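Down below is the structure, laid out as structure tokens.
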């Protein structure tokens, strides 16, 4: 039986995190998953809910200090991931050579199937 309570909990209000904009807060709320408490998870693209908090609980180590440090590391990682805006996708067109290669392989496959000639049923 474990007689020493070494579990650490870290609770931070999403609105109290300094140095990030509202878009980053929404990304953090979306990435947080089950760590987001106190409000319903926001639908995609909407700002983070007003009463939202991040809750991290760690009990992996026997030392409470080590568990506390682990909670802080997890919060730091989540904030860093949410602070980076996703890359915008650029629309591209396939090159002429790639279109020709695709059509050529389709032609070859079609001929291969035609040459098999087996019964259809």
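Quick rundown of the values:
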quantity: Selection status of residue 72, modelled with pLDDT of 90 or more and surrounded by 10 or more Cβ atoms within 10 Å (Cβ to Cβ); calculated: yes
quantity: Filter result (closer than 16 Å to residue 83 by Cα and either out of contact with any helix residue (DSSP H, G or I) (no Cβ under 8 Å at 6 or more places or on another chain) or modelled with pLDDT of 90 or more (or both)) within the range 34-69; calculated: 54
quantity: Residue within the range 12-29 that is over 18 Å from residue 80 (Cβ atoms), out of contact with any strand residue (DSSP E or B) (no Cβ under 9 Å at 6 or more places or on another chain) and either assigned to a loop (DSSP other than H, G, I, E, B) or modelled with pLDDT of 90 or more (or both) present; calculated: no
quantity: Test: residue in the range 89-107 that is in a loop (DSSP other than H, G, I, E, B), at negative phi and modelled with pLDDT under 90; calculated: no
quantity: Filter pass, residue 99 being in contact (Cβ under 8 Å) with a residue 12 or more places away in the chain, out of contact with any helix residue (DSSP H, G or I) (no Cβ under 9 Å at 6 or more places or on another chain) and either over 30 Å from residue 27 (Cβ atoms) or surrounded by fewer than 12 Cβ atoms within 10 Å (Cβ to Cβ) (or both); calculated: no
quantity: Residues within the range 56-88 that are more than 28 Å from residue 20 (Cα to Cα) and in a loop (DSSP other than H, G, I, E, B), tallied; calculated: 5
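The values are calculated or read from the model by the stated rules, or taken from the named source; none is laboratory data. Everything numeric in this text was worked out from a predicted model, so none of it was measured. Counting neighbours? That spans all protein chains shown, and the Cβs are built from the backbone with ideal geometry, glycine included.
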